[in-house]
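This report concerns only the one structure given below.
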Amino acid sequence: MTDTEIAQVAPRSPSTGSARRWSVGPVDARPYAWPFDRAVDTRHLAVMCVDWQVDFCGFGGYVDRMGYDIGLTRAGLPATARLLEHARETGMTVIHTREGHAPDLGDLPANKRWRSAQIGAEIGSDGPCGRVLVRGEPGWEIVPEVAPAVGEFIVDKPGKGAFYATNLDLLLRTNHITHLVLTGITTDVCVHTTMREANDRGYECLILADCTGATDPSNHDAALRMVTMQGGVFGAVAQSGDVIAATYRKESQ
């Protein structure tokens, strides 16, 4: 197997709330109260933290070198940190993803490399955070504000979507996950692609507006609006506070 086919998994240890029974839902979301089946046991729910990496929201990283305002991609970090604290207390699975390529760039498509070079941040080139979007470099790491805790999954991916060339689907099904809450960057690219891929595989998805961000505010808004079309074509949209407010302890069984 190649590195991209393996989810990097830290040793699992129970969270504070994992021995309790918690449920989420219905969440005040658009265009429907989420989830469609009204409530989900937190043991079957995963919070996905998509690409909260230095290269996408840190100084000197890929996005910063392209000339975009990283304040926009960092905007969702405080809400995501609060949501992670809640998720860990209530027994939700947490999955982190990282986009990056092998040091020899053997898994980097030629057109992707060419496009990155045109905007002055060629993938694999040297920069303030090491080689751009290369596994093992400082820019590839997840920022400390939302760093993985012991027992949380990390999935390394070579593309935009978290299901492409990874074992994410197997990881989710093996852990009996049916519902996904998505955070991360960027809303219109990696998060949206992952949500679309998950929806096609039958996962019930919720994307959080205050836990995501894009390099352009209009792209962020458009990506969220697309989710709400056709009765929720890919799932639903909410705020992190809505998820927290809709979480409740179940009666012991």
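What follows is calculated from the coordinates using simple rules that are stated; it is not laboratory data. Owing to the predicted nature of the structure, the values given are computational and were not obtained by experimental measurement. Note that we place each Cβ from the backbone using ideal geometry, even for glycine, and neighbour counts take in every protein chain shown.
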Charge dipole magnitude, Cβ of K and R +1, D and E -1 - the chain, Cα centre, debye nearest 20: 540 debye
Residue among 184, 202, 100 with the largest mean-square fluctuation in a Gaussian network model of the chain, springs linking Cα atoms under 10 Å: 202
Chain lengthening between residue 66 and residue 126 when straightened (0.36 nm per residue, less Cα-Cα): 20.2 nm
Most fluctuating residue given options 23, 218, 240, as computed from a GNM of the chain linking Cα atoms under 10 Å: 218
Calculated Rg and Dmax of the chain using C-alpha coordinates, Å: 17.5, 59
C-alpha long axis of helix 77-89 to longest principal axis of the chain, angle in °: 40 degrees
Sites residue 28 and residue 59 - FRET efficiency at Förster radius 30 Å, r taken between beta-carbons, to 0.05: 0.25
On Cα atoms only, tilt of 217-228 relative to the major axis of the chain in degrees: 40 degrees
